[in-house]
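What follows is one structure encoded as structure tokens, with my remarks underneath.
The values are calculated or read from the model by the stated rules, or taken from the named source; none is laboratory data. Here the structure is a predicted model, which means the values were calculated and not measured. A quick note on method: Cβ atoms are made from the backbone with ideal geometry, for glycine too, and the neighbour counts reach across all protein chains shown. The protein model used for the area step is the full one, side chains on, heavy atoms only, and it has no ligands, DNA or RNA in it. Shrake-Rupley method; radii C 1.70, N 1.55, O 1.52, S 1.80 Å.
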Amino acid sequence: MTRLTGGQALARALRAEGIDVIFGIVGTHNVSLFDGLYDVAGLRVITTRHEQGAGFMADGYARASGRIATCLVVPGPGVTNLMTPMGQAYLDSVPLLAVAGQNPSARLDQRLEEFHELHRSLDVTASVTLRSTRLHSPAEAPGAIRAAVQLMRSGRPRPVFIEVPMDVAAAEQDVTALEPTEDGLARAEMDAEAIDQAAHLLGEARKPLVLAGGGVICAEAGPALRNVAARLGAPIITTVHGRGAVPDDDPLALGDGWSRLDFFDPLLAEADVCLAVGTSFGTVNDASRGSKLPHSLVQIDIDPTAIGRHRSAAIGIVGDAQRALDRLRSALGTGAYREVWCDVPAWRSVKRDAISRVAEPVLRLLDDLREALPRDAIVTDDLCVAGYWAPLAFDVFEPRTLLHPGMWGTLGYALPAAIGAQIGRPDRVAVALCGDGGFLYTSQELSTALQEGVNVIAIVFNDHAYGALKLFQDRLLRGRRIGVKLHNPDFARLGEAYGAVGVKLRKTTELGDAVSDAVERGGVTVIECPIDFDAPPPWMP
Ligand SMILES: Cc1ncc(C[n+]2csc(CCOP(=O)(O)OP(=O)(O)O)c2C)c(N)n1
Ligand SMILES: [Mg+2]
């Protein structure tokens, strides 16, 4: 037992649960919480320029590293600024531990017009968290942090919110640290009968297909998935969040098709059983295109509510993807590996040709980028035309190297996510694909990038417009352009003003060399790349 303030108890509890980085902004309402961090070794505090930046950095950090990310903010505006990244993390299954200061315990939820008052803050945040709670004493901190971390690790990872009133953060109490546990993972028993039935159905299938979602990445289950697919001779398609589950140059890999699965319609029509792992078939993944999946669907997901929600499943297995796939592999027995039943390289070409017909200039840009980057570089997407196409058209060779703000779709994600990703994986370079519109949502985080000494390349595709919407109006609203024209700063000089290297390209063909130079140089580079092509994003009819 040790005498600690609430702030000290919280900091020690975070460290004890393996947290090593905290993104956030200080204020009078969380100053005791920051003070608690002061003398805990191994906790790095990253000061950002906006809470939204902190949240997206935490998101990028978690997605790139697989570790839990933490933010520390003030109540009221700090919390509402963080709500956008929390919503993002909720829909995209990212473990984000959001901690906020709070007004004194006795003054809460009474509409007293307190400074920073967000009435019923726990209800407000509950819509984007697994759990929203409040600490009532310093002694509760170890248990609350342990519970939050276990909740995020044992099921579908999503945010948890904990607020700490100022009186609790400053109060001293005897606090007992918790004994370390094994790994905190819930080891729920899996349905053995469902595994056997799935093995039977898949073993009998003539033309099985595997669909890998984000759950495969969360569970580090790529090799286990590859193993099952190889045993079945099944080609593998990934969803947006499943990119990198297997490398795109693997003989079984068809890459992402799910956000435009219609590229593979004839292949789907031929397949007889689909094994879908770690995907809930959400709108972005399925793109509302209603592609016809094979008649029989075997679905594995850690979230029981995901099974059969959007597509009816013949067999559902609730469990961690890696453990379920290992069990499935054993149940399939040791029979001979089957030859893959379709011509994978030919189908890759079908997809590439289809993309090329719609968005040839984007494909060329992404090809040049791929060539200029190391195989393990991390790419983060914004909602720009190039970023929309990246999951489909950019080859991914390792898990956690293409981070796309899929379901929530927030403009301004790419730059802070790239900074956070690079902090989580300092051995890698991170590249943000931004439009001129999205970049200015969070461009001030260039300061954070310089301050933290990260290796980040921000590419700003400049068309002086909210281009995706301009194209929408041109194509679907008879050219009635409204609210899409943008006046911009000189992005290269803006980068230089922050202390980054600024590069202004004259034409898109210069991108590859500019990126190679930036990789070699390290540090922070802003590359402004002019674009004026008429290539609609993949979701546009
Ligand atoms: C927070 C938020 N606001 C609005 C949108 C709607 N939106 C989607 S794409 C887009 C245009 C983005 O423009 P830009 O970043 O310049 O990329 P471009 O489409 O020009 O390539 C907009 C406004 C969004 N996705 N997120
Ligand atoms: Mg634009």
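List of remarks:
- Residues in region 446-470 that are within 8 Å of ligand 1 (Cβ to nearest atom) and open to solvent by 40 Å² or more (accessible area, probe 1.4 Å): Tyr466, Leu469, Lys470.
- Answer residue from region 277-319, given it is touching a Lys or Arg at 6+ places or on another chain (Cβ under 8 Å) and hydrophobic (A, V, I, L, M, F, W, C) and is modelled with the lowest pLDDT among those: Ala287
- Counting only strands (runs of 3 or more DSSP E) that sit completely within region 153-255, those holding 2 or more residues that are open to solvent by 30 Å² or more (accessible area, probe 1.4 Å) and within 29 Å of Ile19 (Cα to Cα) correspond to 172-175.
- Scanning region 480-491 finds one or more residues that are small (Gly, Ala, Ser), within 15 Å of ligand 2 (Cβ to nearest atom) and at pLDDT 95 or above.
- Restricting region 57-67 to residues that are of a type in the set (A, V, I, L, M, F, W, C) and within 9 Å of the chain's Cα centre (by Cα), the residue that is surrounded by the most Cβ atoms within 10 Å (Cβ to Cβ): Ala62
- Among the residues of region 496-538, those identified as within 16 Å of ligand 2 (Cβ to nearest atom) and either part of a loop (DSSP other than H, G, I, E, B) or surrounded by fewer than 18 Cβ atoms within 10 Å (Cβ to Cβ) (or both) are Leu505, Pro530, Ile531, Asp532, Phe533, Asp534, Ala535, Pro536, Pro537.
- Matching residues in region 369-389 - criterion: being assigned to a loop (DSSP other than H, G, I, E, B) and either more than 16 Å from ligand 1 (Cβ to nearest atom) or open to solvent by 10 Å² or more (accessible area, probe 1.4 Å) (or both): Leu373, Pro374, Arg375, Asp376, Ala377, Leu383, Cys384
- Those residues of region 91-117 which are open to solvent by less than 40 Å² (accessible area, probe 1.4 Å) and either over 33 Å from the mean Cα position of the chain (by Cα) or of a type in the set (A, V, I, L, M, F, W, C) (or both), in sequence order: Val94, Leu96, Leu97, Ala98, Val99, Ala100, Leu108
- Unique match (being part of a loop (DSSP other than H, G, I, E, B), touching a residue at least 12 places away in the same chain (Cβ under 8 Å) and under 30 Å from the mean Cα position of the chain (by Cα)) among Gly27, Gly7, Gly36: Gly27
- Here Gly308 qualifies as more than 20 Å from Pro537 (Cβ to Cβ), in a loop (DSSP other than H, G, I, E, B) and open to solvent by less than 40 Å² (accessible area, probe 1.4 Å).
- Residues located in region 380-403, provided they are away from ligand 2 (no atom under 16 Å from the Cβ) and within 23 Å of Asp534 (Cβ to Cβ): Pro391, Leu392, Ala393, Phe394
- Count of region 369-394 residues which are touching a residue at least 60 places away in the same chain (Cβ under 8 Å) and farther than 19 Å from Pro537 by Cβ: 6
- Filter pass, His29 being open to solvent by 10 Å² or more (accessible area, probe 1.4 Å), touching a His at 6+ places or on another chain (Cβ under 7 Å) and at pLDDT 95 or above: yes
- Residue within region 428-440 that is surrounded by fewer than 17 Cβ atoms within 10 Å (Cβ to Cβ), away from ligand 2 (no atom under 13 Å from the Cβ) and in contact (Cβ under 8 Å) with a residue 40 or more places away in the chain present: no
- Hits in region 324-334 (condition: under 26 Å from the mean Cα position of the chain (by Cα) and either farther than 22 Å from Arg226 by Cβ or buried (at least 19 other Cβ atoms within 10 Å of the Cβ) (or both)): Ala324, Leu325
- Looking at Val344, Val340, just one residue is closer than 30 Å to Ala386 by Cα and surrounded by fewer than 19 Cβ atoms within 10 Å (Cβ to Cβ), and that residue is Val344.
- So Leu365, is it within 16 Å of ligand 2 (Cβ to nearest atom), of a type outside the set (Ser, Thr, Tyr) and touching a Ser or Thr at 6+ places or on another chain (Cβ under 8 Å): yes
- Members of region 390-409 found to be of a type in the set (A, V, I, L, M), buried (at least 24 other Cβ atoms within 10 Å of the Cβ) and outside any helix (DSSP H, G or I), listed by number: Val396, Leu402, Leu403
- All positions within region 406-422 that are within 16 Å of ligand 2 (Cβ to nearest atom) and under 22 Å from Pro541 (Cβ atoms): Gly409, Leu411
- Any hit, region 17-24, residues being open to solvent by less than 10 Å² (accessible area, probe 1.4 Å), modelled with pLDDT of 95 or more and within 15 Å of Glu163 (Cβ to Cβ): yes
- Any hit, region 135-145, residues being open to solvent by 50 Å² or more (accessible area, probe 1.4 Å) and of a type in the set (S, T, N, Q): no
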